[in-house]
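Chemist: Just passing along the structure, written as structure tokens.
The values are calculated or read from the model by the stated rules, or taken from the named source; none is laboratory data. Worth saying up front: this structure is predicted, and the values here are computed from it rather than measured. Please note: Cβ atoms are built from the backbone with ideal geometry, for glycine as well, and neighbour counts cover all protein chains shown. What goes into the accessible areas is simple: the full protein's heavy atoms, side chains included, and nothing from ligands, DNA or RNA. Shrake-Rupley method; radii C 1.70, N 1.55, O 1.52, S 1.80 Å.
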Amino acid sequence: MSHALRVVAAEALKQHRRLFGQPLVLFSMLLWPLLTLAATYYTVLPVMESAVAPQRWPVAGDPRRLLSFLAAGALAYTFFFSLVQSAWHFSFERVSGTLEALFLSPASRMALVIGNGAAALTQNAWLFGCFAVAAATAADVLHVAHPGMYAVAALALLVPAVAWGAFLNSMLIFSRDSAFLYTLLDDPLWFVAGVRLPLFALPVWVKAVGLAFPLTSSLVVLRGALLDRADLGDLAAPLGWLAALTVGLFAAASALLRLGEARAQRTGGLQVF
Amino acid sequence: MSTGIVTTDLRKTFPVRRWQGWRRRPAAAPVAAVDGLSLRIPPGQVTGLLGLNGAGKTTTIRILSTLLRPTGGTVSVDGLDVVEHAREVRRRINVISGGERMVYDRLTARENLWYFGQLYDVPRARLRARIDELLDLVGLTEAAQVPVERFSRGMRQRLVIARGLINDPAYLLLDEPTLGLDAPIAHQLRALIAQLAADGVGVLLTSHYLAEVEQLCRHVYLIARGSLVAQGSPAQLAGQTVRRHTVRLVLAVADPAVTAVLRALAERHGAELTVDVDDEGRPRFTLRHPQDLVGAVVTAVVQAGGAVAGLTVTPPTLEDAILTLTDAQAVAVR
Amino acid sequence: MSVMAATFVRNWRITLRAYPWTYFVGTLATGVLTIGVSMLAYRAIGGGRVGASFTAATGSADYLGYVTVGAAALTFTTRMVLWVAKAQITEYREGTLESQLLTPARRLPYLLGVTAQALSTTAVEITVLVAVATALGVRLTVADPLTLLAATVAATVAVVGMSVPLSALMLAAGEAHITQNTLFTAMALLCGFTFPTSYLPDAARWLGEALPVTWALRVLRAATLPGTDVDPWPAFAVCVVLGGAYLLLGLSILDPAERRALHRSARA
């Protein structure tokens, strides 16, 4: 176990050096999400101003609530997408030859992908996280049942995100066209996860697809706990599903790593998909 | 328990898939990269693995280092099977490949070594001292805190070498380690390899620089198309070949009569003759023949009235051995 | 002219051999999903109606048509910028910039050759996007084909005008990813692709007015929004003048940017 923790610490340093102080983090994790958030808000505004909208969705009638609903979506999406981005970068290690050096070592492969994901998350998303907390506090839009729900919201965002990162890392290490997966997990992810719309507005099949991604349920918990005064009882169903998804993602990551490495040992190529 | 790395009848075939219409299907005959190779790499000496490009050297090293799984045969490291006990084997070995890959640009030299030290689970108490030792060994102590992206090529390669030693490996697999290195650094690395072997490390060396192999290796395996062609000490291997002596003769002044005599002599013996000029513009004759023709050449030149300005005779080398032995094998396969 | 034709042919060959599917799917997905979100919101939340501010700003209640045309225009802009602005930095990365600069060819015909080829592939991509939107149930009308043609010309001038200084910026910075995505997200907010610019705060609106694409969109709206009776030609004129100014600015800073890039690669 202590070896695994050392691997996680080592990955943290690597991510810190890769990302800290890089202008890309500032742009992709703060500026672009904010610009996109504003554009999304204005794009849906005409609909929200229609006479029937507030009856169908109370949030629609209050621009501040609408903006905080969309901002919560942008926050969670930024967290999850930062892991897509870091996994994409991880796949570059195949080209630079360092991936081979990792596979030469006796380090646990699972510790490597978890460490990489967790470290990328903290390096990437702290900026937008801080910004969102500050903005939400200043705008006085947070409605929490009791202080413990802050912790619930944070855990519901972070733990599944790390599992998601471990899964993506395992997948992209062995992927031939990582750029394609990267694209696939960019726009379609926000669409199916209800980042920009309440889930009830989505067709059933989109909702079903969305449930497979932890972002969807993380977002339900985040919005419920922070914006709608929901308590643990209200959120039991999404929290339970989130726990199941998290376990499933870790299991899938572990299986992918084993299959991928065995295949690499057989064929000599690290590309599986 | 047998010590050393021992391979028995090692085989590795790669599945080859070819486009067939819209689908890729396995080709009828998979490509054998390593075909029945039995080697022993004992501790405390440098063992050479030679062969032309594509002979299977890198595949062999990748199997020994657990990156590839053999299709047949066995490999054990100090009695541990590389497939069954991959993790334990990984602790005992390391690989250094030529070139500048395998280190992180954004990390400093010290951070790279620290990172890999964590991955190899080098005891905490030991790691700091080990990093200092290695930085000193490869001459990067001054540059320890500089990110690798600002390194010169030679500095990167030296860091790659230090990375390969971070876990104090009992066995070190060197795949063209001096490829592209500056002469002084290559010289230092050879001294280091010899020292490591003297300290008990088992080293496997593949290299295109045969002088390096002749200098360092006590035992050499020569492979072609994944199979063993010959083995022995470098001197023994060189002796196994059809001997090709090279006589190089420089005349003080050009003399058509001497040229004619030498051409006739070469034709008579069936020797290969090339005529060019040396750095000072003097005519130079190079004769290659299984027999040492130096006596006949000198006699002929003197009789024709030529003035000899320089004369060298080179006995057959390891390079000749590789060329002739692998050629013979290629012919036999065809 | 031969430089332009040769670049056109070369880029077509490259495109046919290695089509950048990933970019295409990415930009198409952005367009389709933007339309999708608007459509779902319009039906499930708005009840098929929009607020008065939209009708007042656009002179039309055709929200879905507005968003679809905007999403198609955004796809057009994104793809064209990716082709034209990134042409030179791609050459730089692949190591062919130097051999290109060694020739006596001028920059403008080269960039126009890239543009011509980009227009032909982007046309196909926009057709796909519009077909998907139509399949989703969006009904588009073209009020005046001549105005639509003018809008296409205006959009091309605008995009090429903006791409040339951008190309210089990328070469000088040795970086494309941050520059291009900042431009795309900023344009999506400032130019009025999916909502009228009158929604924006004043400062942001003035920024948008300085971009030729904003004016090209006004010509496009005149051509595609039913029930509006706006004279497109003043906007067309502003777009061409503004685009031309960007182009001239870009061509004047291209040379120092190229030298800087070569300097950097010589040092590396």
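Chemist: For the stretch B:33-50, name all the residues that are more than 14 Å from chain A (Cβ to nearest Cβ) and open to solvent by 10 Å² or more (accessible area, probe 1.4 Å). Break it down stepwise before answering.
Modeler: Going residue by residue through the stretch B:33-50, those that are more than 14 Å from chain A (Cβ to nearest Cβ) are B:35-50.
Scanning the stretch B:33-50 gives B:D35, B:G36, B:S38, B:R40, B:P42, B:P43, B:G44, B:Q45.
Chemist: Something else: When you check A:F213 against the structure, is it under 15 Å from the mean Cα position of the chain (by Cα), buried (at least 19 other Cβ atoms within 10 Å of the Cβ) and within 14 Å of another protein chain (Cβ to nearest Cβ), yes or no?
Modeler: no
Chemist: Quick check, is B:L196 surrounded by fewer than 23 Cβ atoms within 10 Å (Cβ to Cβ) and within 27 Å of B:A238 (Cα to Cα)?
Modeler: Details: surrounded by fewer than 23 Cβ atoms within 10 Å (Cβ to Cβ): yes; within 27 Å of B:A238 (Cα to Cα): yes.
Yes: the conditions hold for B:L196.
Chemist: Also: For the stretch A:104-122, give me the residue count where each residue is crowded, with 20+ Cβ neighbours inside 10 Å and part of a helix (DSSP H, G or I).
Modeler: 13
Chemist: Confirm whether B:T66 is of a type in the set (S, T, Y), closer than 30 Å to A:G21 by Cα, touching a residue at least 24 places away in the same chain (Cβ under 8 Å) and touching a helix residue (DSSP H, G or I) at 6+ places or on another chain (Cβ under 9 Å). Full working, then the answer.
Modeler: Numbers: of a type in the set (S, T, Y): yes; closer than 30 Å to A:G21 by Cα: no; touching a residue at least 24 places away in the same chain (Cβ under 8 Å): yes; touching a helix residue (DSSP H, G or I) at 6+ places or on another chain (Cβ under 9 Å): yes.
Criteria not met by B:T66.
Chemist: What tally of residues in the stretch B:279-304 results from selecting those that are open to solvent by less than 60 Å² (accessible area, probe 1.4 Å), under 17 Å from B:P256 (Cβ atoms), modelled with pLDDT of 85 or more and of a type outside the set (A, V, I, L, M, F, W, C)?
Modeler: The total comes to 1.
Chemist: Here's another thing I want to ask about it. For the stretch B:173-189, enumerate the residues that are without any contact (Cβ under 8 Å) to a residue 60 or more places away in the chain and either under 22 Å from B:L52 (Cβ atoms) or not assigned by TED's automatic domain parsing to the domain that holds B:S65 (or both).
Modeler: We begin by selecting, within the stretch B:173-189, every residue without any contact (Cβ under 8 Å) to a residue 60 or more places away in the chain; these are B:182-189.
Correct list: B:A186 only.
Chemist: In addition: Hand me the list of helices (runs of 4 or more DSSP H) wholly inside the stretch C:46-156 holding 2 or more residues that are of a type in the set (F, W, Y) and in contact (Cβ under 8 Å) with a residue 24 or more places away in the chain.
Modeler: Working: elements: C:52-58, C:63-84, C:87-94, C:97-102, C:107-135.
Qualifying helices (runs of 4 or more DSSP H): C:63-84.
Chemist: How many residues, within the stretch A:161-197, are outside any loop (DSSP other than H, G, I, E, B), closer than 14 Å to A:V113 by Cα and not polar (S, T, N, Q)?
Modeler: Qualifying residue count for the region: 11.
Chemist: A further question follows. Within the bounds of the stretch C:60-70, is there any residue that is modelled with pLDDT under 90 and either over 20 Å from the mean Cα position of the chain (by Cα) or open to solvent by less than 10 Å² (accessible area, probe 1.4 Å) (or both)?
Modeler: Start the filter on the stretch C:60-70 by keeping residues that are modelled with pLDDT under 90, which leaves C:60-61.
Still in the list and also either over 20 Å from the mean Cα position of the chain (by Cα) or open to solvent by less than 10 Å² (accessible area, probe 1.4 Å) (or both): C:60-61.
Among the residues of the stretch C:60-70, at least one is modelled with pLDDT under 90 and either over 20 Å from the mean Cα position of the chain (by Cα) or open to solvent by less than 10 Å² (accessible area, probe 1.4 Å) (or both), which makes the answer yes.
Chemist: Tell me which residues, restricted to the stretch B:75-134, are among the acidic types (D, E), surrounded by fewer than 20 Cβ atoms within 10 Å (Cβ to Cβ) and not in a loop (DSSP other than H, G, I, E, B).
Modeler: Hits for the stretch B:75-134 are B:D81, B:E88, B:D132, B:E133.
Chemist: Taking the conditions exactly as written (under 19 Å from C:A123 (Cβ atoms) and either touching a Lys or Arg at 6+ places or on another chain (Cβ under 9 Å) or in a helix (DSSP H, G or I) (or both)), does C:G36 satisfy them or not?
Modeler: Numbers: under 19 Å from C:A123 (Cβ atoms): no; either touching a Lys or Arg at 6+ places or on another chain (Cβ under 9 Å) or in a helix (DSSP H, G or I) (or both): yes.
It is false that C:G36 is under 19 Å from C:A123 (Cβ atoms) and either touching a Lys or Arg at 6+ places or on another chain (Cβ under 9 Å) or in a helix (DSSP H, G or I) (or both).
Chemist: Then there's this: Filter the stretch C:221-233 down to residues that are open to solvent by 30 Å² or more (accessible area, probe 1.4 Å) and in contact with a helix residue (DSSP H, G or I) (Cβ under 9 Å, 6 or more places away or on another chain) and give me whichever is nearest to C:T77 (Cα to Cα).
Modeler: Of all residues in the stretch C:221-233, those open to solvent by 30 Å² or more (accessible area, probe 1.4 Å) come to C:226-231, C:233.
Filter once more, so that each one left must be in contact with a helix residue (DSSP H, G or I) (Cβ under 9 Å, 6 or more places away or on another chain): C:226, C:228-231, C:233.
Working: C:P226: 23, C:T228: 24, C:D229: 25, C:V230: 23, C:D231: 23, C:W233: 21 Å.
My answer is C:W233.
Chemist: Okay, next question. In the set C:T122, C:T27, C:T96, which member is open to solvent by less than 10 Å² (accessible area, probe 1.4 Å) and either touching an Asp or Glu at 6+ places or on another chain (Cβ under 9 Å) or more than 14 Å from chain A (Cβ to nearest Cβ) (or both)?
Modeler: On the way: C:T27 fails: open to solvent by less than 10 Å² (accessible area, probe 1.4 Å); C:T96 fails: open to solvent by less than 10 Å² (accessible area, probe 1.4 Å).
Just a single option satisfies the conditions, and that option is C:T122.
Chemist: Looking at C:L140, C:L171, C:L200, C:L149, can you tell me which residue is crowded, with 18+ Cβ neighbours inside 10 Å and at pLDDT below 95?
Modeler: Details: C:L140 fails: crowded, with 18+ Cβ neighbours inside 10 Å; C:L200 fails: at pLDDT below 95; C:L149 fails: crowded, with 18+ Cβ neighbours inside 10 Å.
Going through C:L140, C:L171, C:L200, C:L149 in turn, the sole match is C:L171.
Chemist: What helices (runs of 4 or more DSSP H), lying completely within the stretch A:1-90, carry at least 3 residues that are within 14 Å of chain C (Cβ to nearest Cβ) and out of contact with any Asp or Glu (no Cβ under 7 Å at 6 or more places or on another chain)? Even if it seems obvious, please write down each step before you answer.
Modeler: Numbers: elements: A:2-19, A:23-26, A:32-48, A:53-56.
Hits in the stretch A:1-90: A:23-26, A:32-48, A:53-56.
Chemist: Right, here's the next one. Among the residues of the stretch C:203-219 satisfying the criterion of being open to solvent by 30 Å² or more (accessible area, probe 1.4 Å) and part of a helix (DSSP H, G or I), which is nearest to C:T68 (Cα to Cα)?
Modeler: Checked the stretch C:203-219; the qualifying residue nearest to C:T68 (Cα to Cα) is C:R218.
Chemist: Enumerate the pairs (first residue in the stretch A:166-187 and within 14 Å of chain C (Cβ to nearest Cβ) and at pLDDT 75 or above; second residue anywhere and in a loop (DSSP other than H, G, I, E, B) and open to solvent by less than 30 Å² (accessible area, probe 1.4 Å)) with beta-carbon separation below 9 Å, excluding pairs fewer than 6 apart on the same chain, so at least 6 apart or on different chains.
Modeler: Pairs found: A:L181/A:S175.
Chemist: Which of (1) farther than 30 Å from C:T141 by Cβ; (2) crowded, with 18+ Cβ neighbours inside 10 Å; (3) facing chain A (nearest Cβ under 9 Å) is the odd one out, the single condition C:A41 does not satisfy?
Modeler: For C:A41, the exception is condition (1).
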